[in-house]
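Below is one structure; the comments refer to it alone.
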Amino acid sequence: MEYDDENDYDVDVIGFGCPALLSKDLSEKTSHYITTVVADDDCVPRMSAVSAVNALLDIMEYDYVP
């Protein structure tokens, strides 16, 4: 994003399987030069911080003893 502000650079970005890191507003402002590609069954890019913490808590609480 810093290089896009410079007139000396023509910036195009492609990300593969990246987790969501930008706010909705910032994502919309950068959509003209940032493209992300996500596989259909890849759950990590679709997880929020809350869902990641909840998954971790569920794993920690799981009783592995039958």
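Bear in mind that the values in this text are calculations on the coordinates, not laboratory data. Treat the numbers as computed from the prediction; the structure is a model and nothing was measured. Here the Cβ is made from the backbone with ideal geometry for all residues, glycine too, and neighbour counts use every protein chain on show.
As a length-normalised measure over Cα pairs under 8 Å and 6 or more apart, the relative contact order of the chain settles at 32 percent.
If you wrap a convex hull around the alpha carbons of the chain, what volume per residue comes out, as a whole number of Å³? Working shown, then result.
Numbers: hull volume 7.1 nm³, N = 66.
Given the Cα convex hull of the chain, per-residue volume reads 108 Å³.
Computed from Cα positions, the angle between helix 49-61 and the longest principal axis of the chain comes to roughly 20 degrees. Along the axis of the charge dipole computed for region 13-61 (Cβ charges of +1 for Lys and Arg, -1 for Asp and Glu, origin at the Cα centre), the listed residues 21, 51, 33 are led at the positive end by 33.
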